[in-house]
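Remarks on the structure that follows.
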Amino acid sequence: EVFIGYKPDLFHLQICGFMAYCHIPSIYRNILDPKVLYILFICYNNNSQAYYYYYLFK
């Protein structure tokens, strides 16, 4: 609030441990490969705008 003057919207933040989808661009997959990966969301990174996830099906 101090920096931007209003309370930030935290609606986009998710709870740790939920199942998510990761889209694979068409240049990285063949015709018969899946378009998405099912991942387990771990947490947000404190130092950047990234997040940690775990790929379950290897």
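The values are calculated or read from the model by the stated rules, or taken from the named source; none is laboratory data. The structure presented is a predicted model; accordingly, all values stated were derived computationally and were not measured. Counting neighbours? That spans all protein chains shown, and the Cβs are built from the backbone with ideal geometry, glycine included.
For region 34-58, filtered to residues that are surrounded by 10 or more Cβ atoms within 10 Å (Cβ to Cβ) and among the aliphatic types (A, V, I, L, M), the residue that is modelled with the highest pLDDT is Val36.
Of everything in region 1-33, what is of a type in the set (A, V, I, L, M), at pLDDT 70 or above and assigned to a loop (DSSP other than H, G, I, E, B)? Give them in sequence order. Walk me through how you get there before you give the answer.
Step one: of region 1-33, the residues of a type in the set (A, V, I, L, M) are 2, 4, 10, 13, 15, 19-20, 24, 27, 31-32.
This time we only want the ones that are at pLDDT 70 or above, so: 4, 19-20, 24, 27, 31-32.
Ile4, Ile24, Ile31, Leu32 - these are the residues of region 1-33 that are of a type in the set (A, V, I, L, M), at pLDDT 70 or above and assigned to a loop (DSSP other than H, G, I, E, B).
Pairing residues of region 38-53 that are in a loop (DSSP other than H, G, I, E, B) with residues that are not hydroxyl-bearing (Ser, Thr, Tyr), at Cβ distances under 9 Å and at least 6 apart in sequence or on separate chains, gives no pairs at all. Of all residues in region 20-33, those being of a type in the set (A, V, I, L, M, F, W, C) and exposed (fewer than 10 other Cβ atoms within 10 Å of the Cβ) number 3.
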